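Trainee: Below you will find the structure I want to go over with you.
All of the numbers you see were taken from the coordinates with simple rules; none came from a lab. Because the structure is a prediction, the values reported are computed rather than measured. Here Cβ is always computed from backbone atoms with ideal geometry, including for glycine, and neighbour counts include all displayed protein chains.
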Amino acid sequence: MTEEMRLRSVGTVRTPKSKEGLSLIEIAPDLDGILDGIEEFSHLQVLFWAHLRTPQSPPKTRTHPFGSEDLPLTGIFATRSPARPNPVLCTVVRLVARDGNTLTVAGLDALEGSPVIDIKPSTRGDHPAEGIRVAPWLDRSYRGRGGAPDEP
């Protein structure tokens with residue numbers, strides 16, 4: 001069932017050190033026009049490639065979330081770990097500004113130089129407004145760190 005797939009980078013993450021908390025996404029020059037209308041959205045889903053991750057063979061199937069052995073050994077697909085069979089990561093960001101083919105965003109957890117493989121506007125229908133359930137270990141972990149309990 002293994003099928004080779006081809007992806008194209010549509011842009012690159014730039015994280016200027018002078019703007020803490022903000023990142024730039026530079027879209028490839030040959031994709032002029034691909035961002036038209038994006039300013040009408042407050043949030044975007046950014047899919048990117050974890051380009052600095054060292055592939056494991058065989059792929060890692062379980063991990064202790066956040067690298068903490070206090071948390072249960074959990075299947076990779078039940079975590080947000082970057083150690084995935086395909087290092088495709090996704091995060092929702094707030095769109096701060098657009099300048100031509102460059103987006104300024106807040107909340108992007110990608111590293112400098114990460115290839116961006118897709119951007120989609122985040123809409124009200126993407127996630128249920130209520131009824132989201134998370135694993136108890138995640139809820140405890142975020143409470144202990146003072147973070148949001150509903151964000152894996």
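Trainee: Top mean-square fluctuation among Thr102, Thr91, Thr123, Gaussian network model of the chain, C-alpha springs under 10 Å?
Mentor: Maximum among the listed residues: Thr123.
Trainee: Then there's this: Could you give log10 I(q)/I(0) at q = 0.21 Å⁻¹ for region 2-54, computed by the Debye formula over C-alpha point scatterers of equal weight, without solvent?
Mentor: Debye intensities relative to I(0), on a log10 scale: -1.07.
Trainee: Rounded to the nearest 10 degrees, what's the angle between the helix 136-145 long axis and the longest principal axis of the chain, both from Cα atoms, 0 to 90?
Mentor: For helix 136-145, the angle is close to 70 degrees.
Trainee: Report, largest value first, the span of the C-alpha coordinates of the chain along each principal axis, in whole Å.
Mentor: Result for the chain: principal-axis Cα extents of 46, 36, 34 Å.
Trainee: Evaluate the charge dipole of the chain about its Cα centre and quote only its size in Debye, nearest 20, assuming +1 on the Cβ of each Lys and Arg and -1 on the Cβ of each Asp and Glu.
Mentor: On the way: 18 positive and 20 negative charges, 112 e Å.
Using Cβ point charges on Lys, Arg, Asp and Glu, the chain gives about 540 debye.
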